[in-house]
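What follows is one structure encoded as structure tokens, with my remarks underneath.
Coordinate-derived values only; no laboratory data. This is a predicted model, so every value here is computed, not measured. Reconstructed Cβ throughout: ideal geometry from the backbone, glycine too, with neighbour counts over all protein chains shown.
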Ligand SMILES: [Zn+2]
């Protein structure tokens with residue numbers, strides 16, 4: 001009798017390779033996966049050939065035990081991939097409690113606060129979910145380190161922006177966890193700051209893990225040039241909005257049309273609902289500047305708006321600003337239904353969406369989730385609020401009192417006019433985001449997939465075509481008009 005307590009690897013091939021990858025390249029690949037550079041202090045404690053099963057194939061790899069900053073890690077890697085990483089110091093060092101200082105929300109209207117955050121204990125701002133990268137090679141700012149795990153820096157310290165994004169993104173994670181979110185996929189997510197994005201410091205973006213060679217998601221934030229925007233790294237709304245994209249991206253993966261409008265509106269909504277306000281980025285708009293803030297000098301975007309679906313004002317807006325209709329509609333509900341109940345219903349409704357869901361699917365999923373979680377008590381309040389926002393054409397066959405009718409009338413794969421990618425403006429000089437070229441490769445990551453920006457309409461089309469073609473491509477010429485995504489755009 002054979003008893004198996006666990007899984008046997010599913011391997012189809014019986015062909016064993018005699019070619020082994022270069023061991024030093026495997027070490028470098030492992031270090032990169034652990035967010036270390038070759039200059040980090042490390043030692044190879046063990047190096048052994050073995051096969052690693054992956055997707056039905058046995059890959060010849062190096063099984064390594066590396067000591068990095070005196071902490072041991074075990075990896076399985078070849079020169080191209082790191083297949084698995086394990087920390088070997090669970091017994092030595094449980095997560096430690098770090099103290100990280102940042103503004104409670106932003107420098108304009110809140111005080112400094114000490115956030116208590118579980119860290120892995122390697123002396124950097126790294127938890128099991130997040131790590132930081134202050135772009136030292138271009139910014140000249142080194143990474144914050146603390147043997148006591150206290151990262152209490154004053155606002156004029158070079159380390160304050162790094163501590164701020166880490167505190168704020170960890171706090172946003174806690175908020176989503178309180179709604180039922182559990183992490184899926186690669187981690188830790190890197191938050192890179194002091195970055196230049198398409199030649200500008202005035203933006204921020206989220207990129208899912210599939211788009212990076214390290215298979216880990218990343219948020220990149222510029223500093224702002226203090227002419228257009230400021231405080232991008234120390235205002236909690238910026239990193240909170242970007243992390244919202246990470247959570248929503250579990251189900252909605254399109255970055256065009258109504259899916260993009262939903263993404264932006266929902267990422268704004270969760271940021272608003274966490275902080276209990278309706279203004280996005282209170283401290284990032286430069287006062288008196290025509291900087292692209294929807295409420296000049298005050299809010300990048302606002303949930304306090306009268307937008308109506310397909311109304312004249314709505315139709316003139318780019319997808320980021322159209323998202324205000326979604327956040328505005330959801331905030332309408334806060335005056336009619338207990339706000340925490342609304343937020344929980346919105347969060348749960350994400351599970352019913354698919355990669356290219358649109359606004360109709362979202363409205364129906366909200367009412368369905370209300371039936372599931374609240375016995376349908378608020379389904380007709382949601383319906384009436386949706387009608388007030390002009391969504392009647394999307395809900396023609398829906399009776400909010402009858403859950404049997406809560407179906408989307410059109411397939412998620414059917415594009416309506418609204419869902420088709422926006423026609424691109426021809427004159428790039430008038431485009432606020434300037435060039436919409438892709439992001440230069442950094443630390444071996446290929447920016448080759450969906451990218452969700454904090455703002456600017458045309459930047460959302462920044463989808464690469466493979467690094468080499470991309471760098472040579474027409475995006476780099478200022479005179480070239482922006483292009484639509486290629487047909488093989490994966491999301
Ligand atoms: Zn966004």
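The table below gives the values:
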{"read-out": "Approximate shape of the range 265-305 as ellipsoid semi-axes (Cα gyration tensor, √5λ), whole Å, largest first", "value": "19, 9, 7"}
{"read-out": "The range 110-201 pair-distance distribution - Cα-Cα, 5 Å bins, rounded %", "value": "3, 12, 22, 25, 18, 13, 6, 1"}
{"read-out": "The range 225-283 and the range 169-186: distance between their alpha carbon centers, rounded to Å", "value": "15 Å"}
{"read-out": "Nitroxide proxy distance, nm - points 7 Å out along Cα→Cβ at residue 380 and residue 156", "value": "6.2 nm"}
{"read-out": "Rounded, prolate or oblate (a/c below 1.5 giving rounded, otherwise prolate when a/b exceeds b/c) for the range 23-87 by Cα gyration tensor", "value": "prolate"}
{"read-out": "Estimated FRET transfer efficiency (residue 22, residue 128; beta-carbon r; R0 45 Å; 0.05)", "value": "0.90"}
{"read-out": "P(r) histogram, all alpha-carbon pairs of the range 292-391 included - 5 Å bins from 0, percent", "value": "2, 13, 23, 24, 19, 13, 6, 2, 0"}
{"read-out": "Highest average packing first - 395-403, 124-132, Cβ atoms within 10 Å", "value": "124-132, 395-403"}
{"read-out": "Euclidean distance of C-alpha centroids, the range 305-372 and the range 135-158, integer Å", "value": "39 Å"}
